[in-house]
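The next block holds one structure in the form of structure tokens; read it before the comments.
The values are calculated or read from the model by the stated rules, or taken from the named source; none is laboratory data. Source: prediction; values computed, not measured. Note: ideal-geometry Cβ built from the backbone for every residue, glycine included; neighbour counts use all protein chains shown. Each accessible area value is taken on the protein alone, full model and side chains, heavy atoms only, with ligands, DNA and RNA left out. Shrake-Rupley method; radii C 1.70, N 1.55, O 1.52, S 1.80 Å.
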Amino acid sequence: SELAGEPFAVTGATLSASGNLNAIAGELTAEAEEPRYGRSRLQLPLQWTPERLQAQPRLALGSGQLNTECTLALDEPYAGQCDGELRSVSLTPWLGGIEGVISSPVQLSLQLQDGPNLQLALPAFDGVLAGRPLRGELALASADGSLWQLERFEARTERNQLDASGQLSAGDDNRLCLSLRAGALEELLPELQGSLQLDAELDGGWSEPS
């Protein structure tokens, strides 16, 4: 099968649960294979009552992990919140071979009343990009989980900074405004020298942007 346009295969999964009509506790474990991170493992303890659903997802990637604590209210206004952290997740599979790793607090909120409303934030990420310290922040919002508004993105090394905003999707409905201020291109690619300032707008699909 595919996930966000990438090959994805669940290689094993188990679900256990016990309880009654007032409270149920369970746990889902699953393993998957995908091309960017290889084998990944999900552990998902769950606790249900008529008022709320609580979960503690633990996702171990081929490089790094995601740990969160989530609560979803099962009565109006049907709102949920997840707080957690990324730990040493590799960026290299997304950067064409440039070495990178990131850690960050993670905040996810969900509002179901009057239609779904998702908000995802990495409010202060840090890590390493091409051997240089990396800092930044990210904020996304979506009404359906497939089309996302990039409200804020900033990534910076000591002498380079990239800012972006716009609209993201897995298909062709992408619109991005980018601002790059690169005072030292060799920080990103050693074979490059000099500086670059760039303001750009990108539209279309990821394979053939315009």
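Worth a mention:
- Listed peptides 57-66, 18-27, 136-145 by packing density, highest first (mean Cβ within 10 Å): 57-66, 136-145, 18-27
- Long-range amide H partners of Asn160 with built H, under 5 Å: Gly183
- For the chain, cysteines whose Cβ has no other cysteine Cβ within reach (under 4.7 Å): Cys177
- FRET efficiency, Leu180 to Gln65 (Cβ-Cβ, R0 35 Å, nearest 0.05): 0.70
- Stretching Leu198 away from Arg58 to a fully extended chain increases their span by 46.5 nm, per 0.36 nm per residue minus the current alpha-carbon distance.
- Distance (nanometres) between label positions extended 7 Å along Cα→Cβ at Asp163 and Ala23: 5.0
- By accessible area, using a 1.4 Å probe on protein heavy atoms only, the chain has 55% of its surface on carbon and sulfur.
- Backbone geometry of the stretch 125-134 corresponds, through the Karplus equation with coefficients 6.51, -1.76 and 1.60 at θ = phi - 60°, to 3J(HN,Hα) couplings of 8, 9, x, 9, 10, 6, x, 10, x, 10 Hz, x marking Gly and Pro.
- Of the Cα atoms belonging to the stretch 163-208, the radius of gyration and Dmax stand at 13.2, 35 Å.
- Considering only Thr157, Thr68, Thr92, the Gaussian network model of the chain with Cα springs below 10 Å gives its largest mean-square fluctuation to Thr92.
- Per residue, the chain exposes 59 Å² of solvent-accessible protein surface, assessed with a 1.4 angstrom probe and all protein chains in place.
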